[in-house]
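Down below is the structure, laid out as structure tokens.
The values are calculated or read from the model by the stated rules, or taken from the named source; none is laboratory data. Note that the structure is a prediction, hence the values are computed from the model and not measured. Here the Cβ positions follow ideal geometry from the backbone for every residue, glycine too, while neighbour counts run over all protein chains shown.
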Amino acid sequence: MKEMWKNCSHKKQLLLVLSALVLCLSVSVGMTLAYFTDWTAASGEGKVADMKPDTELKEEIQNLDKVITVENTGTAEAFIRVKVFYPNPELNNMEVTFESDEGWEEKDDGYWFYTKVLAGGETTSELKVNVTAHVKADGGTPDFQIIVVHENTPAVYDESGNAQPRDWYAAQSQTEGEEGNE
């Protein structure tokens, strides 16, 4: 081995190989440190996605009856529920009944739930409030107001792919009212 160190050309080759190895290691360490310490700044604003349903209540008066539908004017799928407020039928000499097309279901809390997912641009089937007002002694019908509150909440899907309402307590609501006897 001493002979190898005596020969100058071998020393130069060995030093050249060691220098190249040190240079490669130092470059790769520098790049690794740069990768883990790099940062950047961003500014501005932009809308990521509109994931909130937007709905519009549609009411049509037919004689004393009210026909209710709800349209999803947003882009997100939604569940819908409505609650109908009306005067006490016994005190106002009238009868109030409901007639629903497919998809509506009345719950114990007084809300009517649309059981299908309502996609953007779709409208619910009709929910009809039938009013039979008995003639008063003076020959007229009682004055009354039917108020409809509708709410929506986004549809979320469980791991099995079944749609569920997200949270009715955080639902968006809208109230509409019209005179029943104008």
Considering (1) modelled with pLDDT under 90; (2) of a type in the set (Val, Ile, Thr); (3) over 16 Å from Glu59 (Cα atoms), say which one Thr115 fails and leave the rest.
(1)
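Matching residues to (1) surrounded by 14 or more Cβ atoms within 10 Å (Cβ to Cβ); (2) at pLDDT 80 or above; (3) over 30 Å from Asn92 (Cβ atoms):
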position	(1), (2), (3)
Gly110	no, yes, no
Thr124	yes, yes, no
Lys128	yes, yes, no
Ala133	yes, yes, no
His150	yes, yes, no
Thr153	yes, yes, yes
Asn162	no, yes, yes
Entirely in the stretch 109-166, the strands (runs of 3 or more DSSP E) that have 3 or more residues that are hydroxyl-bearing (Ser, Thr, Tyr) and under 24 Å from Asp54 (Cβ atoms)
111-118
Where Glu60 falls short, out of the listed (1) without any contact (Cβ under 8 Å) to a residue 12 or more places away in the chain; (2) crowded, with 16+ Cβ neighbours inside 10 Å; (3) acidic (Asp, Glu)
(2)
Does Thr75 satisfy the criteria of being within 30 Å of Ala163 (Cα to Cα), assigned to a loop (DSSP other than H, G, I, E, B) and at pLDDT below 90?
yes
